[in-house]
1. Enter the Cα centre distance for the pair region 73-103 and region 200-220, rounded to the nearest angstrom.
2. Enumerate the lysines that Lys266 could reach by cross-link, defined here as Cα to Cα under 17 Å, with residues fewer than 8 away along the same chain left out.
3. What percentages, rounded to whole numbers, describe P(r) for region 193-344 computed over all alpha carbon pairs with 5 Å bin width beginning at zero?
4. Name the residues whose placed amide hydrogens come within less than 5 Å of the amide hydrogen of Thr114, ignoring near sequence neighbours (fewer than 5 apart) on the same chain.
5. Mind ranking 271-277, 8-14 by how tightly packed they are, going by the mean number of other C-beta atoms within 10 angstrom, highest first?
6. Under a crude label model (7 Å from the Cα following the beta-carbon direction), how far is Asp138 from Leu116 in nanometres?
7. Subtract the Cα-Cα distance of Leu279 and Tyr18 from 0.36 nm times their separation in residues, and report this length gain in nm to one decimal.
8. Could you work out [θ]222 nm for the chain from helices alone, using -39500 (n - 2.57) per DSSP H run of at least four and dividing by all its residues? Round to the nearest 500 deg cm²/dmol.
Amino acid sequence: MKMTFRWYGEKDTIPLNYIKQIPNMSGVVTAVYDVPVGEVWQESKIARLKEHCNKANLEMKVIESVPVHEDIKLGKPTRDKLIANYAQTIRNLGKYGVKCICYNFMPVFDWLRTDLKKVNPDGSTCLCYNHDTLLKLDPKNLHLPGWDESYTTDELNGLLNEYKGISHEQLFDNLIYFLNGIMPACDETGINMAIHPDDPPWDMFGLPRIIVDSNSYDKLFKAVPNKHNGITFCTGSLGAGRFNDLPTMAGKYCNRIFFAHIRQLKYTNDLDFAEAGHLTKNGDLDIYGVVKQLVKNGFDGYVRPDHGRNIWGEDGKPGYGLYDRALGACYLNGLFEAIEKECK
């Protein structure tokens, strides 16, 4: 296992030297953020990013993410050129030691929450989701926390209209077309593609969700058996679906898990949840059980503490403050060390 930490590049308010001070921190998970979706990441930008990481004695082995253009998801005629660009980005990243790319295939929104700063009884704040609140929103005039600056209203409505004719089966077929198009570049570079599950794992605003459970993974690996086709095992995204048995899934798919996002949720009813501190006892997900199954089945990929609360007065990017994620990393380090010694 290699412990990593999400870093949003030079504009991130968290300095790399702070991240390096977290025990057992091997590297950062980052990306090039100033290239339009669909264009090739130039080597000069990748080299600059890696230079920053090297100066802090942190590896840059995981990229999260290289976004997939909506035209690829929609299966438009432009997709072949866009897939070729994506493959070239993979080749460029391979020249700088990247081993894993986390990506998603979620239409329009890559995550949804209804509140970014829910106040907890202890004064910390967290991300949360309330289904009734979401249903009350007007799809033609959407303003979502964390998303209302991503698209203009016209752009968002245009995308939603385009997806009205896309079924779950069509979206899945478009995913397979994309993967078959980039697997040769992965074979050349040795880079693993790790798809992130849909968050939360159910349809939203008529948009299909296709990576949500064990059946999704079985179907994915049958369609593209290439060894570089794998997953990002996100306990929070999968755990939002009460139908998912996370420890069992961690064991079953261990050899396909190249990257693990580990975080905790506290359920408030059948669909609603709030994000909590990483410890198993702080929520409803069996974090200990997940880590135990990963260790028992030989997991040797990358891990990062996922969304944390904002604590100790920190007013940073919701879910991505320094303090609670650092605490989460320390908790996960302890779990892995203890279970690895137990399993020897």
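Coordinate-derived values only; no laboratory data. Fair warning: this is a prediction, and the values are worked out from it, not measured in the lab. Here Cβ is always computed from backbone atoms with ideal geometry, including for glycine, and neighbour counts include all displayed protein chains.
1. First find each Cα centre; the distance between them is then 22 Å.
2. Output for Lys266: Lys117, Lys118, Lys281.
3. Once binned at 5 Å, the Cα pair distances of region 193-344 give 2, 10, 18, 22, 21, 15, 9, 3, 1, 0.
4. Placed amide hydrogens put Cys128, Tyr129, Asn130 under 5 Å from Thr114.
5. Details: 271-277: 21.9, 8-14: 14.4.
Highest mean packing first, the order is 271-277, 8-14.
6. According to this spin-label approximation, the distance is 2.3 nm.
7. Numbers: separation 261, 0.36 × 261 = 93.96 nm, distance 2.24 nm.
Answer, rounded to one decimal: 91.7 nm.
8. Numbers: 12 runs with 128 residues, N = 344.
So the helix-based figure for the chain works out to -11000 deg cm²/dmol.
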